[in-house]
1. Based on the alpha-carbon gyration tensor of region 253-348 and its eigenvalue square roots a ≥ b ≥ c, which shape applies: rounded if a/c is under 1.5, prolate if not and a/b is larger than b/c, or oblate?
2. Residue by residue, what Karplus-based ³J(HN,Hα) values in Hz, rounded to whole numbers, does region 367-383 have, using 6.51, -1.76 and 1.60 with θ = phi - 60° and x for Gly and Pro?
3. Reachable aspartates and glutamates from K325, Cα under 20 Å, same-chain residues fewer than 8 places away excluded?
4. Given the C-alpha centroids of region 280-323 and region 333-399, what is the distance between them in whole angstrom?
5. Sequence-distant or interchain residues sharing an amide H contact under 5 Å with V230, placed H: which?
6. Pairs K148/K186; K228/K358; K256/K300: which are spaced more than 26 Å apart, C-alpha to C-alpha?
7. Sequence neighbours fewer than 8 away in the same chain don't count; with that in mind, list the aspartates and glutamates whose C-alpha is under 13 Å from K167.
8. For region 256-305, which GluC sites (Glu not before Pro) are in a loop by DSSP, counting at most 13 other Cβ atoms within 10 Å?
Amino acid sequence: MPSIQNEDQEQFEGVPRENGVDEEPEAAPLQPVVRPVQKATRRKVKNMPQKTVHKATKRRTNKKTAAPARSVKKVRSFRRGVPWWVWLLFFIGIALVAVGLYLLFRTTPAPVAAGEVAAIVNGKEIPMAQLERQFALLPETYRAFYTKSIVLDQLIDEEIVIQYGQKNGVVVTPEDVTTEVQNTIKDWGVNAQDLETNLAQFNLTIADFESLMERKLLIERSMVLVFKDVAPPTEDALRLYYAENNSSFFTPEQVKVRHILIASQRDNAAVLGKELKGRVEAGEDFCSIVVNYTDDKGGKETCGEYTFGRGMMVPEFENASFTLKPGQVTLIQTQFGYHVLQKLEDLPAGVTPFEDVKTQISETLARAQQVSTYQSWLTAEKGASTIEVLFTEPVAPAK
């Protein structure tokens, strides 16, 4: 639900309590790769043995890999419709662009002398300036887990992916970059001038941004080639996963309701609430009233419907929803205003049927297979590459 501000500046988001399923949790920080500080010497790695390969760091994810089918609808997310491996790009750096570069502007990169090189991958240099820029774009919460050496490892992985794609015919045209920039600006809800202003604060230009977008597209298209032979999971594999993880698909008792919100800021909100309750009880179309009167703008698209379990809503809303019988209508008050609330259905606790979670299981197994494929592929590509790491992490001063 869109926010409704009251006198205390609280918000009604469908699930006002913290950690409700309407809110998409923030990704857990990546685990750092711990390695000893090395001397500032030029080291070459040719046909790197497997034990020295720095694999992409895994991201910790929610163990609930397949959510029950009956769940409160999620708020709109920039991740929707994006292949999972685009988020795998976070492991190799470029996803800092994909998830919203303009949100990550926090610090200015340290000055770097022209010509300094952090690493060389099959003859292609990774400038120190690129490493400094990428590190500076990390959000503050990630700086406790990242070092520049880790970011450099990610940039090396990125370069290997790009080179693989280019060897296999991947091309990104200027027109592709222009379209991607325009789509990104639209998705972020900013205009070109806002973007340019934010970039300028950190010594970045639109040209720099376009270059990042070009690399993002190169990686996305190259990853398609990496996964081209990954077969979808079989029906037997899906059913086996369902059987072995049956408890994961247990759904607690839930209710399905719909409501009309009259925000507290309205004049005579209580009077209007009583009037609308009477109109609903008289048989007037509920959805029409929602469209014309509700202050829950998100609810207008769903006739004000919500499905949820206990502990998801504020107490007044939850108690009424579970107490009513299907079809009954009541008027309640919460900190967000007055709600004309109608109970639609009781949903008893139970295990979600296989067919209802089949797609989610398929996505989970496909994701696991792709991660495994990527790790094996990256190990092989690194083993066949010449990688020179020239950057050495500075030793932190003793406290």
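Read-outs: derived from the displayed coordinates by stated rules, not from any lab. Note that this is a predicted model, so its numbers are computed, not measured. With ideal geometry, Cβ positions are generated from the backbone for all residues, glycine too; neighbour counts draw on all protein chains shown.
1. Working: a/c = 1.60, a/b = 1.35, b/c = 1.18.
In terms of gyration-tensor shape, prolate.
2. 4, 4, 5, 5, 4, 4, 4, 4, 5, 5, 4, 5, 4, 5, 5, 5, x
3. E253, E281, E284, D285, E305, E316, E345, D346
4. Using only Cα atoms, the two centres lie 31 Å from each other.
5. Here the answer is none, since no amide H 5 or more places off falls under 5 Å of that of V230.
6. Values: K148/K186 31 Å; K228/K358 22 Å; K256/K300 16 Å.
Beyond 26 Å: K148/K186.
7. E159, E381
8. On the way: sites: E275, E281, E284, E301, E305; in loops: E284.
Counting only loop positions with at most 13 other Cβ atoms within 10 Å, the GluC sites (Glu not before Pro) in region 256-305 are E284.
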